[in-house]
Amino acid sequence: MIEDKVRIDNIKEDFLQENNIKLSILRLDLLHPEISGNKWFKLKYNIEEAMRYGQNTLLSFGGAFSNHLHAMAFACNQKKLNSIGIIRGEIPSVLSNTLQDCISLGMRLEFVTRDDYKQKDKSFYIKKLADKFGDFYLIPEGGNNRLGIKGCSKIPSFISEKYDTICLPIGSSATMAGVLVGSQNHQKIIGFSALKGTEYLQDDLKNSVLNFEFYNTNYSIKHEYHFGGFAKHKPELIQFMKQFKAKHNIELDFIYTAKMMFGIYDLIKNGVIKKDSCIMAIHTGGLQGNRSLGNILN
């Protein structure tokens, strides 16, 4: 099984030892070279559902560096399914590596204005897309639907109950919703938002988990580690990524996991995460996005 590739790495740092804190990383980035991390879990049941109903075209949404669309394009290519990506923003003069990969994998790209993109969840806009592209199976941006959350609810099964704190980055909130559904109440879930201005995530999470029989209510969201916003970065984040890889031989992606790990370190050093804690950080993959940084990580 592909899940057998998941590994847990323990992080060694002097400040962790001084606080008697155990910090480990769940290496979901090792699941698959193309459908890595949480993308595997968010797509699994959606693709099975589409195939069960004989639907051979999948459509979803994302930006120029979307890990979700990149993974979906590869998965559809492997399953001999058609894929359509609705891309936020006007077509650029040079396509990102991510979108070039999507095209090479057979995904049809449709660039729309940012105003139109904001309508992506509205029924009239979905009908407009159906009129243009024909019948398709819709996966929301980031795989954020019930089946995506159901898939992500399996992630905590890799985490021993001895871990009292589970940390993960947040984009669409589907992964965190799944972790809330699959974790235990004694486990504190801390989400690190990769986007700026995401106070709405509290309501999104509550609405996402309501249809599940159980969900963990012991959680918080940290909004202060976005480094300028989605896909933004600052020199201190890049330096942190370089040092982390040099010391632990683990690559982090600058959009999600680097911000999370920076935040974890900061919360521990400032005493927000208490001494004697046992922490599991979830590496959600997405390393293909680092290509947009060019040689900055060298």
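The values are calculated or read from the model by the stated rules, or taken from the named source; none is laboratory data. Every value quoted in this text rests on a predicted model; they were computed, and no experiment measured them. With ideal geometry, Cβ positions are generated from the backbone for all residues, glycine too; neighbour counts draw on all protein chains shown.
Which residues, taken from the stretch 222-259, are part of a helix (DSSP H, G or I) and either surrounded by fewer than 16 Cβ atoms within 10 Å (Cβ to Cβ) or among the charged types (D, E, K, R) (or both)? Within the stretch 222-259, P235, E236, Q239, K242, Q243, K245, A246, K247, K259 qualify. Restricting L69, L129, L81 to those that are within 27 Å of T257 (Cα to Cα) and of a type outside the set (D, E) reduces the list to L69.
Looking only at residues in the stretch 4-58 that are surrounded by fewer than 14 Cβ atoms within 10 Å (Cβ to Cβ) and among the acidic types (D, E), which one is farthest from D135 (Cα to Cα)? Selected residue: E18. For beta carbons closer than 6 Å, sequence separation of 6+ or different chains, a first residue in the stretch 93-109 that is part of a loop (DSSP other than H, G, I, E, B) and a second that is at pLDDT below 95, the qualifying pairs are S96/A64; S96/F65. The single residue among S60, S66, S83 that is touching a residue at least 12 places away in the same chain (Cβ under 8 Å), more than 23 Å from D253 (Cα to Cα), of a type in the set (G, A, S) and not assigned by TED's automatic domain parsing to the domain that holds K245 turns out to be S83.
Results for (1) basic (K, R); (2) in a strand (DSSP E or B); (3) within 21 Å of L43 (Cα to Cα); (4) assigned by TED's automatic domain parsing to the domain that holds I273, shown as yes or no for each residue.
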position	(1), (2), (3), (4)
Y125	no, no, no, no
G151	no, no, yes, yes
Y163	no, no, no, yes
V179	no, no, yes, yes
I189	no, yes, no, yes
L195	no, no, no, yes
D203	no, no, no, yes
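Criterion applied to L30, L23, L59 was being within 19 Å of G289 (Cβ to Cβ) and either modelled with pLDDT under 95 or out of contact with any Ser or Thr (no Cβ under 6 Å at 6 or more places or on another chain) (or both), and the one residue passing it is L30.
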